[in-house]
Amino acid sequence: MTDHLSRSKRSWNMSRIRSKNTKPELIVRKVLHNSGIRYRLHARNLPGKPDLSNKSKNFAIFVNGCFWHQHKGCKRASIPKSNTDYWIPKLEKNVNRLKENLKTLDTMGYRTAVIWECEVNDENKMSKFIEKIKKLILFMLELLL
């Protein structure tokens, strides 16, 4: 199957996809900040550059896009029908890299969490997202005491 967009239009579309300050990330940041949880953004010295982290409290949070990190069971985690020789290995590398980064952070003593784009954006999954955030906030407040 061929791409329905021209090369220049596809390139333009792909250049607009951000890796930082995405809408789901901004929502999570706002919820945590309003709860009194402080963090650093995209710490370069930690494996995988977690979206949010706190070195003294040893936590790292990744806010991942369902497509890019192939969220299991999510409709957004589909594999493109065109150029599969490129996409399948690329997406598999993303998934494996995330697993390795989570493992490494765990061995470093960090508590980690992955928040998925669909949990933040989908109103049907919003209650799951709120429960996850509440657990994170309770955990982080325990660290602050």
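The values are calculated or read from the model by the stated rules, or taken from the named source; none is laboratory data. Quick caveat, the model's predicted, so the values are computed rather than measured. Counting neighbours? That spans all protein chains shown, and the Cβs are built from the backbone with ideal geometry, glycine included. Accessible surface areas use protein heavy atoms only, side chains included; no ligands, DNA or RNA. Shrake-Rupley method; radii C 1.70, N 1.55, O 1.52, S 1.80 Å.
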- Item | Subset of the range 12-31 (residues that are more than 23 Å from P80 (Cβ to Cβ) and either assigned to a loop (DSSP other than H, G, I, E, B) or over 15 Å from the mean Cα position of the chain (by Cα) (or both)) | K20, N21, K30, V31
- When every residue in the range 47-96 that is aliphatic (A, V, I, L, M) and under 18 Å from K132 (Cα atoms) is compared, the one surrounded by the most Cβ atoms within 10 Å (Cβ to Cβ) is A60
- Task: Go through the range 6-16 and give me each residue that's modelled with pLDDT of 75 or more and surrounded by 10 or more Cβ atoms within 10 Å (Cβ to Cβ).
- Result: K9, S11, W12
- Message: Test of understanding: among R44, R29, which residue is among the basic types (K, R) and either open to solvent by less than 90 Å² (accessible area, probe 1.4 Å) or in contact with a helix residue (DSSP H, G or I) (Cβ under 8 Å, 6 or more places away or on another chain) (or both)?
- Response: R29
- Query: What strands (runs of 3 or more DSSP E) lie completely within the range 32-145 and have 1 or more residues being of a type in the set (K, R) and touching a residue at least 40 places away in the same chain (Cβ under 8 Å)?
  - Reply: 111-116
- Note on the structure: Given (1) over 21 Å from I130 (Cα atoms); (2) surrounded by 14 or more Cβ atoms within 10 Å (Cβ to Cβ); (3) of a type outside the set (G, A, S); (4) at pLDDT below 90, D3 misses just (2)
- Is there a residue in the range 97-108 that is within 20 Å of P24 (Cβ to Cβ), surrounded by fewer than 17 Cβ atoms within 10 Å (Cβ to Cβ) and at pLDDT 90 or above? yes
- Message: Yes or no: the range 83-92 includes at least one residue that is farther than 20 Å from N121 by Cβ and touching a His at 6+ places or on another chain (Cβ under 9 Å).
- Response: no
- Message: With the structure loaded, tell me whether Y39 is over 15 Å from I133 (Cβ atoms), among the hydroxyl-bearing types (S, T, Y) and in contact with a strand residue (DSSP E or B) (Cβ under 9 Å, 6 or more places away or on another chain) or whether it fails that test.
- Response: no
- Message: Which condition from (1) modelled with pLDDT of 70 or more; (2) over 17 Å from the mean Cα position of the chain (by Cα) is the one that L143 breaks?
- Response: (1)
